[in-house]
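The values are calculated or read from the model by the stated rules, or taken from the named source; none is laboratory data. In this text the structure is predicted, and so the values were computed from the model without any measurement. Counting neighbours? That spans all protein chains shown, and the Cβs are built from the backbone with ideal geometry, glycine included. Heavy atoms of the whole protein, side chains included, go into the accessibility calculation; ligands, DNA and RNA do not. Shrake-Rupley method; radii C 1.70, N 1.55, O 1.52, S 1.80 Å.
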Amino acid sequence: MKIIKDFRVRFFLNFLFFNVFGASSAFAQAAPDLILHNAKIITVDQQFRIVQALAITGDKITATGTNASILKLKGKATEVIDLKGKSVIPGLIDNHAHFIRAPEHMELRLDGVLYRKEAIQLIKQAVSKAKLNGWVVTIGGWSRTQFLDDPRGFDLEELDQISKTIPIVIQEVYLRTFLNSAAITQLDLNENTPDPRGGKILKNSNGKVSGIVEGAGGVAFIASKLPLPTTQGWQENVKTYATYLNQLGITAWYDAGGRGIDERHYQAYQSLADQNKLTVRAFYTTMRSPSNPQEVDKVLLEVNSQKPFQGSDFIDNIGWGESVYGPASTTLLSNDFKVQAQNMEQVRRLIKAIASKGLMLNAHVEMKNAIDAYLDEYEALNKEIPIKGLKWSFSHVDQITIEQINRMKKLGMSVGLHCRPIIQGHLMQDVHHEASKTMPPFRLVQDSGISWGLGSDATAVTTANPFYNLDFAITGRMVSGKKINYQSVTREEALIAHTRNNAQFVFQEHNLGSLQPGKYADLLVLNKDYLTVPINEIRNLFPLATMVAGKFVYKK
């Protein structure tokens, strides 16, 4: 090919290319469907830019910038919304929650309720609205320690006074469940019912069921006996629950599975996604938590047949997660975990199979000795099957050290931190004493440079409200207002962790987490400015409007 040396010829060809081909490209580009302007748009991009306006075409952001530059893009059919100076942030992503199972029941939630007398009134209201053959159910998300007026639970006589016909089931975190007589009867509990594994059905002085079932095993036992909705009812519950999440400001999350989840749970979400009616994005991992070597054998067969990433950007399986092997899992409110060789042998079998299939693994690990034990296994595995590109992560890591973080960084791992002390702070103090003040270690992890994200672990162990998560990471305050954590990060760091960083946990970093051209238009219009509102008011922020995929799915 002859090289063009004449400057004038090259100039003419460049002029022709940009003015003919460039012009035709500009003419072909349609005007945006929607423009949001006159706003404070916190993009949470790599430069953490703040812009005045953005343009949306279809489900994607197509431009961001000044009011003048974006309004120039307006066409005849473009809808223009003046946000009158309101603050806009990306939709909040929870990197570890258990929302898939939540629509089993349309729950009464006691999240953030500070007075027991108010909780009683809420239970009464729920009973008055309950339909024939209905139940009033709360599956965790509160602790008696949050009540400022009277920090105790609910006894049988009190719940029976509220209703003798509508069954009432009020679960407190994973500690215990309170029942009224109607629930005891419906669940077929009596003095001869054996205690479930890991739980105890308390009896009164007459040997009768007292209305309190203690222990994590007891809580799971009661929850597993509650009636489930019909297929149609389940879909309706999912629609209602998705709207609830949108109200809170959640537009996507990683779901870690949990007790009793099966294909019915996922199908209820998938059916809505197929109809383009799902208003929140659910990315989940398969969880099995085998409890003995024989169960591990069965799980290995399932791992070998696992095919993630067959879904969409609204619902998809992204790998394997949560409790790898039940006996090798720690518990937040216990400090007596002992690493046992026979249990880690089963972990070794499982993680090797997961790595061999090239799957992402998110593991529930909390205490220092457990983190060391898992890292030992991961490092040994990495010599045989490199895991660095598989996006493996640890969830919770409440007692992680800088040495352990550095080991994780070499393996290409990331960290998910969760705000369970919002509800359980006092309970953690009783178990971990002084160490509870740095659980989880937000500042240590932030300063280490490892990739990390902020989440809840809702719904049973804490509130689902992401603004409580942001508040806790920034202030260390419990629901009650008491400071319990001394590892605070800045409000900018917390927001990045709850948006852009969390997009990586669900393999959506190119689609979600920041407000940039080419990414989905998932965003929140807030009641107040996140960056300037007084620090003690961050938990009181809420969306005036929530957008997912370019459509408003909630407006207050």
Handout entry: Conditions (1) in a loop (DSSP other than H, G, I, E, B); (2) at positive phi: number failed by residue 319
Key = (1)
Practice task
Residue by residue through segment 300-320, note down the ones that are open to solvent by 10 Å² or more (accessible area, probe 1.4 Å) and in contact with a Pro (Cβ under 7 Å, 6 or more places away or on another chain).
Solution key: 317
Exercise for the section: Taking the residues in segment 345-372 that are out of contact with any strand residue (DSSP E or B) (no Cβ under 6 Å at 6 or more places or on another chain) and open to solvent by less than 10 Å² (accessible area, probe 1.4 Å) as candidates, determine which candidate is farthest from residue 457 (Cα to Cα). Expected result: 355
Completion exercise
Going through (1) open to solvent by 40 Å² or more (accessible area, probe 1.4 Å); (2) without any contact (Cβ under 8 Å) to a residue 40 or more places away in the chain one by one, residue 293 fails only at (2)
Practice task
Tell me which of these residue 470 doesn't satisfy, since it passes every other one: (1) farther than 19 Å from residue 498 by Cβ; (2) aliphatic (A, V, I, L, M); (3) touching a helix residue (DSSP H, G or I) at 6+ places or on another chain (Cβ under 8 Å).
Solution key: (1)
Fill in the blank from the handout: When segment 43-63 is checked residue by residue, the ones that are of a type in the set (Val, Ile, Thr) and either under 19 Å from residue 546 (Cβ atoms) or at pLDDT below 95 (or both) are 43, 44, 56, 61
Practice task
Please name all residue pairs, on different chains or six or more residues apart, with Cβ atoms under 7 Å, provided the first residue is in segment 413-429 and is open to solvent by 10 Å² or more (accessible area, probe 1.4 Å) and the second residue is in a helix (DSSP H, G or I) and among the hydroxyl-bearing types (Ser, Thr, Tyr).
Solution key: 426/145; 427/145; 429/436
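Suppose we filter 40, 86, 72 for residues that are open to solvent by 80 Å² or more (accessible area, probe 1.4 Å) and either under 28 Å from residue 528 (Cβ atoms) or at pLDDT 95 or above (or both); which single one remains? Step through it out loud before you land on a result.
Values: 40 fails: open to solvent by 80 Å² or more (accessible area, probe 1.4 Å); 86 fails: open to solvent by 80 Å² or more (accessible area, probe 1.4 Å).
Answer to the check: 72.
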Handout entry: Meets criteria (free of Cβ contacts under 8 Å to residues at least 24 places away in the same chain, within 17 Å of residue 313 (Cα to Cα) and not small (Gly, Ala, Ser)) for residue 509
Key = yes
Handout entry: Residue in segment 195-211 that is small (Gly, Ala, Ser), over 30 Å from residue 316 (Cβ atoms) and in contact (Cβ under 8 Å) with a residue 24 or more places away in the chain present
Key = yes
Practice task
Tell me, please, whether a residue that is open to solvent by 10 Å² or more (accessible area, probe 1.4 Å), acidic (Asp, Glu) and not in a loop (DSSP other than H, G, I, E, B) can be found in segment 440-454.
Solution key: yes
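Answer yes or no: is there a residue in segment 368-379 that is part of a loop (DSSP other than H, G, I, E, B) and farther than 23 Å from residue 502 by Cβ.
The answer is no, given that none of the residues of segment 368-379 is part of a loop (DSSP other than H, G, I, E, B) and farther than 23 Å from residue 502 by Cβ.
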Fill in the blank from the handout: Just one listed residue, out of 154, 147, is open to solvent by less than 40 Å² (accessible area, probe 1.4 Å) and over 17 Å from residue 463 (Cβ atoms), and it is 154
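Output the number of residues of segment 506-546 satisfying the condition of being outside any loop (DSSP other than H, G, I, E, B) and either surrounded by 19 or more Cβ atoms within 10 Å (Cβ to Cβ) or modelled with pLDDT of 95 or more (or both). Don't jump to the end; show me each part of the working.
First, the residues of segment 506-546 that are outside any loop (DSSP other than H, G, I, E, B): 520, 523-526, 535-540, 543-546.
Still in the running and either surrounded by 19 or more Cβ atoms within 10 Å (Cβ to Cβ) or modelled with pLDDT of 95 or more (or both): 520, 523-526, 535, 537-540, 543-546.
Residues flagged as outside any loop (DSSP other than H, G, I, E, B) and either surrounded by 19 or more Cβ atoms within 10 Å (Cβ to Cβ) or modelled with pLDDT of 95 or more (or both) within segment 506-546 amount to 14.
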Handout entry: Residue match in segment 223-240 (condition: in contact with a Gly (Cβ under 7 Å, 6 or more places away or on another chain) and either more than 30 Å from residue 519 (Cβ to Cβ) or at pLDDT 95 or above (or both))
Key = yes
Handout entry: Residue that is nearest to residue 543 (Cα to Cα), among those in segment 236-283 that are touching a Ser or Thr at 6+ places or on another chain (Cβ under 6 Å) and not in a loop (DSSP other than H, G, I, E, B)
Key = 246
Completion exercise
Quick count over segment 53-69, residues being outside any strand (DSSP E or B), under 29 Å from the mean Cα position of the chain (by Cα) and either among the polar types (S, T, N, Q) or surrounded by 20 or more Cβ atoms within 10 Å (Cβ to Cβ) (or both), is 0
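Taking segment 93-124 as the region of interest, how many residues are charged (D, E, K, R), part of a helix (DSSP H, G or I) and open to solvent by less than 20 Å² (accessible area, probe 1.4 Å)?
Residues of segment 93-124 charged (D, E, K, R): 94, 101, 104, 107, 109, 111, 116-118, 124.
Still in the running and part of a helix (DSSP H, G or I): 104, 116-118, 124.
With open to solvent by less than 20 Å² (accessible area, probe 1.4 Å) added as a condition, the list becomes 104, 116.
The total comes to 2.
Quickly run through segment 467-490 and pick out the residues that are outside any loop (DSSP other than H, G, I, E, B) and over 19 Å from the mean Cα position of the chain (by Cα). Spell out the reasoning first.
Of the residues in segment 467-490, the ones outside any loop (DSSP other than H, G, I, E, B) are 467-475, 477, 483.
475, 477, 483, listed by residue number.
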Problem - Selection within segment 266-287 - surrounded by 24 or more Cβ atoms within 10 Å (Cβ to Cβ) and of a type in the set (D, E, K, R) - result: 281
Completion exercise
Sole miss for residue 388 among (1) touching a strand residue (DSSP E or B) at 6+ places or on another chain (Cβ under 9 Å); (2) open to solvent by 80 Å² or more (accessible area, probe 1.4 Å) is condition (1)
Problem - Candidate set: segment 166-221, residues that are among the small types (Gly, Ala, Ser) and assigned to a loop (DSSP other than H, G, I, E, B); chosen: the one surrounded by the fewest Cβ atoms within 10 Å (Cβ to Cβ) - result: 205
Exercise for the section: State yes or no: is residue 406 of a type in the set (S, T, N, Q) and either closer than 21 Å to residue 219 by Cα or under 16 Å from the mean Cα position of the chain (by Cα) (or both)? Expected result: no
Fill in the blank from the handout: Selection over segment 321-338 where residues are crowded, with 21+ Cβ neighbours inside 10 Å and among the basic types (Lys, Arg) yields a count of 0
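Consider segment 263-295. How many of its residues are of a type in the set (Val, Ile, Thr) and more than 18 Å from residue 97 (Cα to Cα)?
We begin by selecting, within segment 263-295, every residue of a type in the set (Val, Ile, Thr); these are 279-280, 285-286.
Now drop any that are not more than 18 Å from residue 97 (Cα to Cα), which leaves none.
Within segment 263-295, residues that are of a type in the set (Val, Ile, Thr) and more than 18 Å from residue 97 (Cα to Cα) number 0.
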